[in-house]
Structures are given as C-alpha cells and as structure tokens.
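**Student:** Quick one: this structure, given as structure tokens, is what I'll be asking you about.
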Amino acid sequence: MKKSAALWLVALFAFSWTAGVGATAAAVSVPDGYRVEREKQWFLLRHWLSGGVVVREAASAAPMPDESLRRLGAELFGVYCANCHGKQGRGDGPRAAALQPPPRDFTAGLFKFRSTPSGSLPTRDDLFHTLSGGLRGTAMMPFADLAEIERWALVEQVLALAAARQGDAAAALTLPSAAGRAEEGKALYVKLECASCHGERGRGDGSSAAALEDWRGRPLPPPDFATRPFKRGQSADDVYLTLATGLDGTAMPAYGEVATPTELRDLAAWVLSLKQEVSLEAGAVEQAEARAVMQAQASQGSHAVVGRCGCKARRAASQARAGAAPAQGGCGKSEDCAAGKGCGAASACGQ
Ligand code: HEC
Ligand code: HEC
C-alpha cells in the first residue's frame, strides 16, 4: 500500500470515529493516489455484473451531518459521480449523453427510489441503498466497497444538491411482514389496470407503453418483467416499495393510497411470479449491455471507477491527442504506469 493511501486510511478511521460520536472532525481531503487505490478493487463491479448480490444495508446509522462530512461528500462526488451526474449534479456529466436511462439530475429533486410518499425526498437510508447496491440494468453502479462513512458523506452531498427542493423530511413507510399471495395479486393487477402500461403478462407491451415519457419528455417505456431485472432490486420488499411510493419523474404511479399494504404485498408477489420467466440467457444479455457501457467509459478515460487500470485509458487518451491510434491490450508499459500513477495492479490490466 502506498504511504499516502495508508495515511488516508488512518485519517478516515479517525474521521469515522469522531463523526460517529458527533464530534467535529478535522478537515478531510482525498489525496492523490486514493482514487487509483480503489480502481484496483474493481472486483465489486465484476461481481455485480455477473449477477452477484451486493449488501446495501448500513451497519451504522447515518452520522450527524457536519461541515467535515459535507466537505468529504463534495470531494468524493467529484471523484466518483461527476462523470455521469455532472459536477453540479445536474445529470450532465461527460458520460451522460451516452447513457440510457440518463443519470439523475439531483437538482430537480425528483427521486425514483424512495420509501417515502410520492413527491417527497428519499430518506438517507434510501439513498444509501441506491448508491451501495446500484440500479440493475442501468449505468448506476454499486459503490458498496466505499467505506460506510464515505457513502454517508455522498448521501449528504446528493441531499445538498437537491436542497432547493428540501422540505420536511418525510418518514419511511413500514413494510408489512405478511407474505404476498400471487393469485390475489393477479386480480389486483387487472383491477388497477397495470396492464395498460405493462401489458397483460408484464412484457412492457401495454396499449400506452410506447407513448410513455419521463418528466423531461424523454421516452421511458415500462420494462419487460419477464426478461429485465428490476432497477431497485429483486426482492418482494423492493417491489412493494415501488408499488406503494411510485417512481417519481416517470409514468409509474404510486398505489399506496388506493390499495392496502396487504393488497400491495399480493401484487408484488404476482409481479415477481412474472419475473420468474427470466432465463440466464437474458441475464447475460443484460450484463453485456452494462459491460459495454463500462468498456466505453474506460476507453474514453473519463471514468474514475470502472477503468480498473487507469493507465490504459490515460494512454489511449494521450495517443489520441498525439494523433496515434489507441493501443489495445494491457497497460504495463505505459509511461503513466511506469510513473506509478495507477498500474499498481498491473496483472489486472487489460481486462
Ligand atoms: C456510470 C454512470 C454513473 C455513475 C458513475 C454514478 N451514477 Fe448515479 N445514476 C446513474 C444513472 C444512469 C442513474 C439513473 C437510473 C434510472 O433513472 O433508472 C443514476 C441514478 C442515481 C440515483 C437515483 C436517484 C433516484 O431516483 O432515486 C442516485 C441516488 C445516484 N445515482 C447517486 C450516485 C452517486 C452518489 C454516485 C457516485 C458515488 C453515482 N450515482 C455515480 C449513473 C451513474
Ligand atoms: C401509466 C403507466 C404505468 C402504470 C399504470 C403502471 N406502471 Fe409500473 N412502470 C411504468 C414505467 C414507465 C416504469 C419504468 C420506470 C423506470 O424504469 O424508471 C414502471 C416500472 C415498474 C416496475 C419496475 C420497478 C423497478 O425497480 O425497476 C414495477 C415492479 C412496476 N412498474 C409495477 C407496476 C404495477 C404492479 C402496476 C399496477 C399496480 C404498474 N406498475 C402500473 C409505468 C406504469
């Protein structure tokens, strides 16, 4: 481990300790080389791409936000999130144009994945879940390998970016414990007219599907439940929250007011039963899409996390500037690597 990284870890430990008991921590900054240290840990992304489960829950409660946590959040946001979400969180980072669905504009204050009523901000735990576990089938990757305190800091930064919309914090709804009954849910699916958008068997082929848009008028059709993973997560609780609170900024309404918790449990069970038709083959296609996005990011040298070996991307970029064709393959010989700027894990390069 590089000396700077070791110092950083010590600083981070001290910071998490003091933040945890509410004291004011000393200023924290991200030294050079820190980002590179994380790139060596690309295994999380590979694990996620191959369908692996990522733990989203925090072991610790959200720390009291203070100046130091906010500063850390702002810095980490620049390192890990700005490429897609933009420096100011407006959803306009360098990678944004290539992504479908596009990265969220946090300043609009519209959040899809909440445990809070439609129209309100998500809880800190909601945001922690999203950024720890990622959103399946989109470019929003998991960040569960960041230290918890860093993830809480990023949560603060997302909330700060949405500050214009910030009202009273809404309470999270409680999840019913009863198991859902798919047969009952099937009747509700008909009664609540889910099929008008999702289609009778949830294949994303309802009569109005093709016309559906997001809040900015960009096309956003419903997913094919049979073949696509759910963005929020694949558990009954995940689907329950989607049904109860809706996906703000999309055509997906909230049903918390029109159906009882028991009914929504049943409905979630029915929706999940449609998903059981997912074949591994379809999963593989899904992963290939995500992988292509990441490879594109790596080759453009514009992503802080997925490039694994930053050298390859940097070398391609400098060759492109010099008018030469970017070289293929590993990065062991690039000047950047020789200078130790990111190829510590040379054996892992070129993957
Ligand atoms: C490779 C691109 C990419 C990176 C890097 C990225 N995101 Fe995202 N993010 C997305 C996309 C795309 C979406 C939108 C998914 C959707 O709308 O279905 C998204 C959505 C989100 C949401 C969902 C908000 C909601 O609607 O509930 C949060 C929160 C979020 N990102 C936080 C972050 C944070 C924090 C970071 C950095 C640690 C980050 N993202 C890094 C692409 C990215
Ligand atoms: C007016 C159209 C419309 C109706 C009606 C509708 N949905 Fe949706 N639904 C959508 C759209 C659009 C999306 C995709 C949003 C996205 O990907 O950001 C969606 C997404 C979903 C998801 C996926 C969530 C995830 O994590 O990816 C589920 C589950 C879902 N809907 C269930 C239902 C059920 C059950 C009903 C009926 C009670 C219903 N929807 C009614 C439009 C609709």
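**Student:** Report the residue count in region 159-196 for those that are closer than 20 Å to T245 by Cα, surrounded by 15 or more Cβ atoms within 10 Å (Cβ to Cβ) and within 16 Å of ligand 1 (Cβ to nearest atom).
**Tutor:** 6
**Student:** Going by what's in this entry, would P101 be described as near ligand 1 (Cβ under 7 Å from one of its atoms) and not assigned by TED's automatic domain parsing to the domain that holds D238?
**Tutor:** Values: near ligand 1 (Cβ under 7 Å from one of its atoms): yes; not assigned by TED's automatic domain parsing to the domain that holds D238: yes.
In short, yes.
**Student:** Suppose the filter is surrounded by fewer than 21 Cβ atoms within 10 Å (Cβ to Cβ) and in contact with a helix residue (DSSP H, G or I) (Cβ under 6 Å, 6 or more places away or on another chain); does D145 pass it?
**Tutor:** Considered against the rule, which asks whether it is surrounded by fewer than 21 Cβ atoms within 10 Å (Cβ to Cβ) and in contact with a helix residue (DSSP H, G or I) (Cβ under 6 Å, 6 or more places away or on another chain), D145 comes out as yes.
**Student:** Okay, moving on. Please enumerate the residues belonging to region 211-252 that are in contact (Cβ under 8 Å) with a residue 40 or more places away in the chain, surrounded by fewer than 19 Cβ atoms within 10 Å (Cβ to Cβ) and more than 12 Å from ligand 1 (Cβ to nearest atom).
**Tutor:** Once the filter is applied, which keeps residues that are in contact (Cβ under 8 Å) with a residue 40 or more places away in the chain, surrounded by fewer than 19 Cβ atoms within 10 Å (Cβ to Cβ) and more than 12 Å from ligand 1 (Cβ to nearest atom), region 211-252 yields A226, T227, Q234, A236, D237, A251.
**Student:** So S115 fits all but one of (1) small (G, A, S); (2) in contact with a Leu (Cβ under 6 Å, 6 or more places away or on another chain); (3) free of Cβ contacts under 8 Å to residues at least 60 places away in the same chain; what number is the exception?
**Tutor:** Evaluating S115 over (1) small (G, A, S); (2) in contact with a Leu (Cβ under 6 Å, 6 or more places away or on another chain); (3) free of Cβ contacts under 8 Å to residues at least 60 places away in the same chain leaves (3) as the failure.
**Student:** I'm trying to understand the selection: among the residues of region 104-134, which are within 8 Å of ligand 1 (Cβ to nearest atom) and aromatic (F, W, Y)?
**Tutor:** F106, F111, F113
**Student:** Just one of (1) assigned to a loop (DSSP other than H, G, I, E, B); (2) modelled with pLDDT of 95 or more; (3) small (G, A, S) trips up A153, so point out which.
**Tutor:** (1)
The values are calculated or read from the model by the stated rules, or taken from the named source; none is laboratory data. Computed from a predicted model, the values in this text were never measured in an experiment. Neighbour counts run over all protein chains shown; Cβ positions are idealised from the backbone, glycine included.
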